[in-house]
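Below: one structure, written as structure tokens.
The values are calculated or read from the model by the stated rules, or taken from the named source; none is laboratory data. Please read these numbers as outputs of a predicted model, since none were measured by experiment. Methodologically, a virtual Cβ is constructed for each residue, glycine included, from the backbone with ideal geometry; neighbour enumeration extends over all protein chains shown.
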Amino acid sequence: MQFAPNLVLVGPMGAGKSSIGRRLAARFGVAFVDVDHEIEVRTGATVATIFECEGETGFRARERATLGDILAGSRQVIASGGGAVLDAENRTAMRARGFVVHMHADVDTQLARLARDRTRPLLAGNDRADVLRRLAAERAPLYAAAAHLQFDTGPHACNEAAVQLGHLIEAHWRPPGDDDAWAERAADVATPHAP
């Protein structure tokens, strides 16, 4: 059993981090936080506008700060942005403060799910499939390095994926304070052991 204060979802855009994440938060009785949405609330600007004004570098700096603040909390399902894993500090922080699930979706699934979405700055060009393949090649090893568990959302409808993933997560993680195991773990950590 993983004793982590948060459940963190990583993976490519279109994998279902937000839609499935909301359902997982309800299942576990914890808060749901979408990092990109939180960045927009804090800045008063959309992610696309931040990319336009500050570039990807400016956005990633805001993402790192926002993610760090969110991870300081507990009892949350956190949907990270698809590129959050690009930063080694983010990967370290996510693993230190969360049970990390890599939600995978192949490029065909992403294209289908994102067909009408025009809000993604990295997909603003004409060849979405090429961009998604390039991002997958770059980021897949980073998702794998950050994750404690991988789940392929591609073959599942959202509700079905949430149910199946919820069962898998229950075998590995519980929200803090959710059962006696947390109390035992806290007592064990607080009790000095003789060498």
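Quick rundown of the values:
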item: Residue selected from the range 115-169 under the condition in contact with a strand residue (DSSP E or B) (Cβ under 6 Å, 6 or more places away or on another chain) and modelled with pLDDT under 95, by the criterion nearest to residue 36 (Cα to Cα); result: 153
item: Tally, over the range 8-40, of residues that are free of Cβ contacts under 8 Å to residues at least 60 places away in the same chain, of a type outside the set (A, V, I, L, M, F, W, C) and not in a helix (DSSP H, G or I); result: 1
item: Output for the range 20-39, where each listed residue is under 17 Å from residue 168 (Cβ atoms) and surrounded by 15 or more Cβ atoms within 10 Å (Cβ to Cβ); result: 20, 21, 23, 24, 25, 27, 28, 30
item: Unique residue being buried (at least 16 other Cβ atoms within 10 Å of the Cβ) and out of contact with any strand residue (DSSP E or B) (no Cβ under 8 Å at 6 or more places or on another chain) when the list is 62, 42; result: 62
item: Residues (under 10 Å from the mean Cα position of the chain (by Cα) and of a type in the set (Ser, Thr, Tyr)) located in the range 7-53; result: 18
item: Checklist (1) modelled with pLDDT of 95 or more; (2) at positive phi; (3) surrounded by 20 or more Cβ atoms within 10 Å (Cβ to Cβ) applied to residue 75, failing item; result: (3)
item: Residue match in the range 97-114 (condition: assigned to a helix (DSSP H, G or I), at pLDDT 95 or above, out of contact with any Gly (no Cβ under 7 Å at 6 or more places or on another chain) and not hydroxyl-bearing (Ser, Thr, Tyr)); result: yes
item: Residue check, residue 87 surrounded by fewer than 18 Cβ atoms within 10 Å (Cβ to Cβ), touching a helix residue (DSSP H, G or I) at 6+ places or on another chain (Cβ under 6 Å) and acidic (Asp, Glu); result: yes
